[in-house]
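One structure below.
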Amino acid sequence: MANDQKMIKAGDAMVKVLEAWDVDHLYGIPGGSINSTMDALLDEKSSIKYIQVRHEEVGAMAAAADAKLTGKIGVAFGSAGPGGTHLLNGLYDAREDHVPVLALVGQFGTSGMNMDTFQEMNENPIYADVAVYNVTVVTAESLPHIIDEAIRRAYAQHGVAVVQIPVDLPWQEIPAESWYASANSFQKPVYEHVDIEQAQEITDILTAAKRPLIYFGIGAKQAGAELAALAEKLKIPLMSTYPAKAILPDRQPYYLGSANRVAHKPANEALAQADVVLFVGSNYPFAEVSKAFKHVEKFLQIDIDPAKLGKRHYADVAMLADAKRALAKINELASEKAATPWWQANLANVANWNEYLVKLESKKDGPLQAYQAYAAINKITNADTIFSLDVGDVNQLANRHLILQPSNRHFTSNLFATMGVGIPGAIAAKLNYPERQVLSLSGDGGAAMVMQDLVTEVQYHLPIINVVFSNHQFGFIKDEQEDTNKGYLGVTFNDINFAKVAEAVGMKGFRVTEINQLADVFAKAKEIGQTEPVLVDVVITNERPIPVEAMVLDPRRYDAEAIEAFKKRYEAEDLQPFAKYLADYGVVIDNAEIEQGGF
């Protein structure tokens, strides 16, 4: 009877485990040490799609984007040695943004392990820091179990799981009844409890505050309506971290934007004057180095993660709760307040700032700047568009000039901040949401790092609108060197015509050099982008966006000559310091500022 036992190749069982966990695609490049996995993927090609990328880094970045967009685990693989190490950039992006990703890494066959054979090394230490689960498979029968365990751990611990697989093991047969997937048992914790006494205490402190702010992060992504209701009821301005952009509609009258450098002027100015801050679902990474809360008298915090409570500042009230439920309870307990001078001053400051942004976006003459390009992008996108953003000035500019609704999705490499994520993220977005419009937005520095995978969009017929902002520099780093260095070095480079790069891989490409070309080119890109990928290379000026972390506007701090020079450089003739509006509405303040922090 034993000879009649049904058998299955361990690799096929491994892929079936992935399928059970609802993995429908994965990214990678084949190699000798991963070819047994390729065989298993070939066997299961009707159930799981293999996406051939042109660099393993792109695969890992796309897998991280899968997880950010859908909440489902992303999967990427690489062969032994360099194939696996190429994954690390994307894996660290996933680790830092706390999303589940599984990396399958090839290994020499068991007979050659620990023998200094070709591309054979002790891979486990390489991934020890990036992974919450990091093992080498040693038997064929354990392979599907280890993959199941890796996925379960990645979900439970919101991180990266890495499994090294000796190439001979997936080819071996194991009993068909020796494995199973635990996907049907997986559950996410539900946080229903809200401490009523803490909710009442937070309500009382917010109601009594003279200069309160609500500072929310992506942990409040399901609580946009509750945030807006509380802001309007208690007349408390809202600000957010940059990744939390679009939880509220952009340019909401009482939304101040985000703080520090990838930021908006009203947020930095208000944070320096706040006496009470309600910190909701946020892990603002510049809090300590910028001393963001040094003037705050009461710091209140709501978070679903106990490790975050009190992490960035001493919390007078720390509530472990779901943001949406907690805010709903506070709204229920709160009573309507009349408009306060603090509220009115912030609304006036936001209005002045938004007028400045619109002025830049609406220019019809002069050299082409990024601002006018974003205005053109806003005109061809819709409330369902997904934006994959690279890292650099593109974040700062999109934060200010990309007008989003809560139904939009936008994402980047938030904490790891690796360049090159724009194109891989767009590939992931289109694979997961084929019916939605998808744009990748990159600077020429970031695009140059991954431009080979434009061909992946063509190869898999992914209609993506790729926008590259070309100004022949690492602009964000150049601006840092302006502030901290004695000169510039390594921040400028030769031009790449990305329209020609696009054409070289079989994609339609446009190059825009003047403001009056924007509308026509983006209209064509929108039309083409409905059925095939397209690229628009926008050649913009190399000027610095206004540094909202270092404004030179307040006559109490700067002389008239310095203010005039600052306004001239940044076209900010009508931009006013927050102090003006505070004085207009009779708000007494300290001469306070927060520091830039960071590098």
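From the Cα gyration tensor of segment 7-185, with a ≥ b ≥ c the square roots of its eigenvalues, which class applies: rounded if a/c is under 1.5, or else prolate if a/b is larger than b/c, or else oblate? Since a/c stays below 1.5, the shape of segment 7-185 is classed as rounded.
Taking a ≥ b ≥ c as the square roots of the eigenvalues of the Cα gyration tensor, an a/c ratio below 1.5 marks segment 196-348 as rounded. In this view, the solvent-accessible surface of Arg409, computed with a 1.4 Å probe and all protein chains in place, comes to about 80 Å².
Roughly how many Å is it from the Cα centre of segment 144-194 to that of segment 344-404, as a whole number? What the calculation gives is 43 Å, centre to centre. Within segment 532-590, the GluC sites (Glu not before Pro) that combine a DSSP coil assignment with at most 12 other C-beta atoms in a 10 angstrom radius are Glu573.
Think of segment 270-362 as having a plus end and a minus end, set by charges on the Cβ of Lys, Arg, Asp and Glu; of Ser290, Asn349, Val277, Ser290 sits farthest toward the positive end of this dipole. Compute the signed sum of charges (Lys and Arg +1, Asp and Glu -1) over the other residues within less than 14 Å, Cβ to Cβ, of Ile247. Residues close to Ile247 contribute a combined charge of +3. When Lys526, Lys430 are compared by accessible area at a 1.4 angstrom probe, the order from most to least is Lys526, Lys430.
A 1.4 Å probe run over the protein chains yields, for segment 368-539, 36 Å² of accessible area per residue, whole-number rounding.
Full extension of the chain segment joining Asn35 with Asp574 gains 187.7 nm, where the gain is 0.36 nm per residue of separation less the Cα-Cα distance.
Take every Cα pair under 8 Å whose residues are at least 6 apart in sequence, average their separation, divide by the length of segment 196-348, and the relative contact order is 30 percent. Residue farthest toward the positive end of the dipole of the chain, with Cβ of Lys/Arg at +1 and Asp/Glu at -1: which of Leu462, Asn382, Val587? Of Leu462, Asn382, Val587, it is Val587. Name all residues of segment 412-446 having a backbone nitrogen under 20 Å from the label point set 7 Å from the Cα of Tyr191 along its Cα→Cβ direction, giving them as ranges. From segment 412-446, the list is 415. With one equal scatterer per alpha carbon and no solvent term, the Debye-computed log10 I(q)/I(0) for segment 368-539 at 0.11, 0.14, 0.17, 0.19 1/Å reads -0.41, -0.67, -1.00, -1.26. Largest accessible area first, the residues His472, His158 order themselves as His158, His472 under a 1.4 Å probe with ligands, DNA and RNA left out. For the set Lys379/Lys430; Lys221/Lys337; Lys9/Lys45; Lys359/Lys500; Lys245/Lys500, the pairs lying more than 23 angstrom apart at their alpha carbons are Lys221/Lys337; Lys359/Lys500; Lys245/Lys500.
When the helices of the chain are scored as -39500 (n - 2.57) per DSSP H run of n ≥ 4 and the total is divided over every residue, the value at 222 nm lands at -10500 deg cm²/dmol. Relative contact order for the chain: 13 percent, from Cα pairs under 8 Å spaced at least 6 residues apart, divided by residue count.
Note that segment 196-348 presents 35 Å² accessible area per residue, ligands and nucleic acids not counted, probe 1.4 Å. Think of a 1.4 Å ball rolled over the protein heavy atoms: segment 63-127 then has 34 Å² of accessible area per residue. Here Rg and Dmax of the Cα atoms in Å was calculated from the structure, and among [x] 23.6, 79; [y] 25.9, 95; [z] 33.8, 96 it sits at label [y]. Look at the dipole of the chain built from charges on Cβ: of Ala560, Pro144, Leu26, the Cα furthest out on the positive end belongs to Ala560. Give me the percent of accessible area attributable to carbon and sulfur for the chain, probe 1.4 angstrom. Carbon with sulfur: 52 percent of the solvent-accessible area. If only the Cβ of Lys and Arg carry +1 and only the Cβ of Asp and Glu carry -1, the dipole of segment 368-539 around its Cα centre is close to 260 debye. What you get for the chain, charging only the Cβ of Lys and Arg (+1) and of Asp and Glu (-1), is a dipole of about 1240 debye around the Cα centre. Rounded to the nearest 20, the Cβ-based charge dipole of segment 7-185 about its Cα centre (Lys and Arg +1, Asp and Glu -1) stands at 320 debye.
The values are calculated or read from the model by the stated rules, or taken from the named source; none is laboratory data. Predicted model, so just to flag it, every value in this text is computed and none were measured. Glycine also receives a Cβ, built like all others from the backbone with ideal geometry; neighbour counts cover every protein chain displayed. The accessibility values were calculated without ligands, DNA or RNA, using every heavy atom of the protein model including side chains. Shrake-Rupley method; radii C 1.70, N 1.55, O 1.52, S 1.80 Å.
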